[in-house]
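Remarks on the structure that follows.
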Amino acid sequence: MTLPSLFSPLSIGSHELSHRVVMAPLTRMRAGRPGNVPHALNVEYYRQRASKGGLIIAEGTQISPSGQGMPATPGIHSPEQIAGWRDVTDAVHAEGGLIFLQLWHVGRISHSSHQPAGALPVAPSAIAAAGNAFTASFERVPFETPRALETAEIPALVESYATAARNAEAAGFDGVEIHGANGYLLEEFLQSRTNQRTDAYGGSIENRARLVVEVASAVAGVWGPERVGIRLSPFGIANDSGEADPMPLYSHVIRELAKLRLGYLHLIEPRASGAGQAEVDHKDVPSAAELFRPIWPNVLIAAGNFRADTAEAAVAEGKADAIAFGRLFIANPDLPERLRRGAPLNPYNRATFYGGGVEGYIDYPALDAAKAAE
Ligand code: 8OZ
């Protein structure tokens with residue numbers, strides 16, 4: 001048997017990928033406003049990054065108005081947003097690619113300027129995050145203290161994930177990824193520093209994991225489990241998150257999710273624990289993919305500062321089945337082809353990651369265009 005490589009095929013449920021270079025979910029804050037609706041600019045961005053048999057995980061997309069925490073992030077709760085995403089999925093499919101939608105609720109990483117009726121953001125407990133929120137007018141102000149969700153509100157919250165999952169189906173996606181990472185709502189429930197609840201959703205590991213498992217079951221009920229993935233960051237510190245002893249918590253969560261037979265688990269490596277918010281590259285930290293591989297039976301996607309050689313090694317050694325690339329995909333619309341050919345990569349410009357328009361979004365050249373411009 002030959003070893004798998006970045007360019008060997010991979011099945012996720014009934015989807016056949018022709019390579020394992022996955023586009024990571026990337027917040028770019030360029031949805032159309034008002035309404036946070038995907039528009040022509042976003043269609044072109046995703047079209048450029050689609051490849052035959054390649055998987056794109058579309059950016060974090062709020063499941064409901066209260067799930068929004070930053071300006072110009074897209075949603076999947078209005079008819080206009082569903083129609084806007086339909087144009088994106090059509091464009092990716094026309095290139096022969098697959099596209100999943102990342103379902104996002106930011107929890108306390110929000111600001112009242114995004115919230116319906118200017119209410120406070122919601123979270124498991126009324127504990128403010130350290131740091132600054134991004135207001136609806138792109139200003140940075142200290143995070144507010146969120147309102148703790150009532151136990152009686154949880155069923156409607158779970159249902160809002162299911163509704164968003166149905167909307168993603170209507171928008172033509174091939175599947176969905178649940179955002180369970182980086183200090184947002186679901187991770188706030190998982191971790192003890194953000195979850196001080198005394199009901200069935202707080203306290204023990206089993207209780208803190210309850211919401212994530214209920215959400216995953218509800219979304220799997222809409223899509224079938226094999227078309228649902230989940231992203232976790234067991235060693236993450238983004239957005240004032242972090243569990244002192246992640247192994248018992250995340251071993252339990254991953255075992256429970258494995259029972260649901262979800263299509264994939266997407267793990268952020270600890271060396272990338274700032275999740276794009278800073279250039280962090282911790283040395284001598286464990287590999288999340290390697291640690292959790294033994295208890296995850298389905299496809300495992302690893303993300304975080306991979307390069308061509310480290311990605312190829314992780315796949316060949318079976319530590320991960322596929323590798324998600326973020327920053328390299330921002331700057332290289334044809335990243336899979338460049339990696340296949342061992343071609344040089346365009347450098348990325350951090351100043352244009354969030355917000356703005358064409359610049360730093362749809363103006364990075366593909367290889368052939370780069371060659372033509374020489
Ligand atoms: C960087 C900036 C804004 C949002 C995440 C959705 O950390 C994000 C995000 C990252 O998952």
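This table checks each residue for (1) more than 23 Å from the chain's Cα centre (by Cα); (2) without any contact (Cβ under 8 Å) to a residue 40 or more places away in the chain; (3) on the phi < 0 side of the Ramachandran plot.
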| residue | (1), (2), (3) |
| --- | --- |
| ARG307 | no, yes, yes |
| GLU312 | no, no, yes |
| VAL315 | no, no, yes |
| PHE325 | no, no, yes |
| PHE329 | no, no, yes |
| LEU339 | no, no, yes |
| LEU345 | yes, yes, yes |
| TYR348 | no, yes, yes |
| GLY357 | no, no, yes |
Hey, ALA94 hits all of (1) more than 11 Å from the ligand (Cβ to nearest atom); (2) in contact with a Lys or Arg (Cβ under 8 Å, 6 or more places away or on another chain); (3) open to solvent by less than 10 Å² (accessible area, probe 1.4 Å) but one; which does it fall short on? (3)
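The rows are residues; the columns are (1) within 15 Å of the ligand (Cβ to nearest atom); (2) of a type in the set (Ser, Thr, Tyr); (3) farther than 18 Å from ASN298 by Cα.
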| residue | (1), (2), (3) |
| --- | --- |
| GLU177 | yes, no, no |
| ASP199 | no, no, yes |
| VAL215 | no, no, yes |
| PRO225 | no, no, no |
Going through ILE99, ILE109 one at a time, which residue ends up being closer than 30 Å to ASP199 by Cα and open to solvent by less than 10 Å² (accessible area, probe 1.4 Å)? ILE109
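When you go through GLN81, GLN102, GLN115 one by one, which is the residue that is within 25 Å of GLY180 (Cβ to Cβ) and without any contact (Cβ under 8 Å) to a residue 60 or more places away in the chain? Write out each step before concluding.
Values: GLN81 fails: without any contact (Cβ under 8 Å) to a residue 60 or more places away in the chain; GLN102 fails: without any contact (Cβ under 8 Å) to a residue 60 or more places away in the chain.
When all the criteria are applied, what remains is GLN115.
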Please tell me if ILE301 is assigned to a strand (DSSP E or B), closer than 17 Å to ALA258 by Cβ and aliphatic (A, V, I, L, M). yes
So for region 97-109 (the condition being more than 24 Å from ARG33 (Cβ to Cβ), β-branched (Val, Ile, Thr) and more than 16 Å from the ligand (Cβ to nearest atom)), does at least one residue qualify? no
I'd like the full set of residues that are out of contact with any Gly (no Cβ under 6 Å at 6 or more places or on another chain) and within 16 Å of the ligand (Cβ to nearest atom), limited to region 8-44. VAL22, MET23, ARG28, ARG30, ALA31, ASN42
Across (1) at pLDDT 95 or above; (2) buried (at least 24 other Cβ atoms within 10 Å of the Cβ); (3) over 15 Å from HIS179 (Cα atoms), ALA289 clears everything bar (1)
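Would you say GLU206 is within 16 Å of the ligand (Cβ to nearest atom) and either closer than 21 Å to SER233 by Cβ or in contact with a Ser or Thr (Cβ under 8 Å, 6 or more places away or on another chain) (or both)? So that I can check it myself, show each step before the final result.
Values: within 16 Å of the ligand (Cβ to nearest atom): no; either closer than 21 Å to SER233 by Cβ or in contact with a Ser or Thr (Cβ under 8 Å, 6 or more places away or on another chain) (or both): yes.
In short, no.
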Conditions (1) free of Cβ contacts under 8 Å to residues at least 60 places away in the same chain; (2) away from the ligand (no atom under 14 Å from the Cβ): number failed by SER5: (1)
If you go through PHE134, PHE100, the only one that is modelled with pLDDT of 95 or more, aromatic (Phe, Trp, Tyr) and touching a Leu at 6+ places or on another chain (Cβ under 9 Å) is PHE100
Is it true that some residue in region 138-154 is surrounded by 15 or more Cβ atoms within 10 Å (Cβ to Cβ) and acidic (Asp, Glu)? yes
Looking at region 158-178, is at least one residue in contact with a helix residue (DSSP H, G or I) (Cβ under 8 Å, 6 or more places away or on another chain), more than 22 Å from PRO38 (Cα to Cα) and open to solvent by 50 Å² or more (accessible area, probe 1.4 Å)? yes
Which residue out of GLY203, GLY175 is over 16 Å from PRO246 (Cα atoms), modelled with pLDDT of 95 or more and not charged (D, E, K, R)? GLY175
Would you confirm whether or not region 210-228 contains a residue that is of a type in the set (S, T, N, Q), open to solvent by 30 Å² or more (accessible area, probe 1.4 Å) and either under 28 Å from ILE99 (Cα atoms) or modelled with pLDDT of 95 or more (or both)? yes
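Scan PRO116, PRO124 and give me the residue that is more than 16 Å from the ligand (Cβ to nearest atom), touching a helix residue (DSSP H, G or I) at 6+ places or on another chain (Cβ under 7 Å) and either open to solvent by less than 10 Å² (accessible area, probe 1.4 Å) or polar (S, T, N, Q) (or both).
Working: PRO116 fails: either open to solvent by less than 10 Å² (accessible area, probe 1.4 Å) or polar (S, T, N, Q) (or both).
PRO124 is the lone residue from the list that is more than 16 Å from the ligand (Cβ to nearest atom), touching a helix residue (DSSP H, G or I) at 6+ places or on another chain (Cβ under 7 Å) and either open to solvent by less than 10 Å² (accessible area, probe 1.4 Å) or polar (S, T, N, Q) (or both).
Might you let me know whether region 54-72 holds any residue that is in a loop (DSSP other than H, G, I, E, B), open to solvent by less than 10 Å² (accessible area, probe 1.4 Å) and without any contact (Cβ under 8 Å) to a residue 60 or more places away in the chain? Step through it out loud before you land on a result.
Of region 54-72, the ones in a loop (DSSP other than H, G, I, E, B) are 54, 63-64, 68-72.
Subsequent filtering for residues that are open to solvent by less than 10 Å² (accessible area, probe 1.4 Å) retains 54, 63, 69, 71-72.
Next, only the ones that are without any contact (Cβ under 8 Å) to a residue 60 or more places away in the chain stay: none.
No, because not a single residue in region 54-72 is in a loop (DSSP other than H, G, I, E, B), open to solvent by less than 10 Å² (accessible area, probe 1.4 Å) and without any contact (Cβ under 8 Å) to a residue 60 or more places away in the chain.
The values are calculated or read from the model by the stated rules, or taken from the named source; none is laboratory data. Given the structure is predicted, the values throughout are model-derived calculations rather than measurements. Don't worry about glycine lacking a Cβ; one is built from the backbone with ideal geometry, like all the others, and counts go over all protein chains shown. Side chains are part of the model used for accessible areas, which takes the heavy atoms of the whole protein and leaves out ligands, DNA and RNA. Shrake-Rupley method; radii C 1.70, N 1.55, O 1.52, S 1.80 Å.
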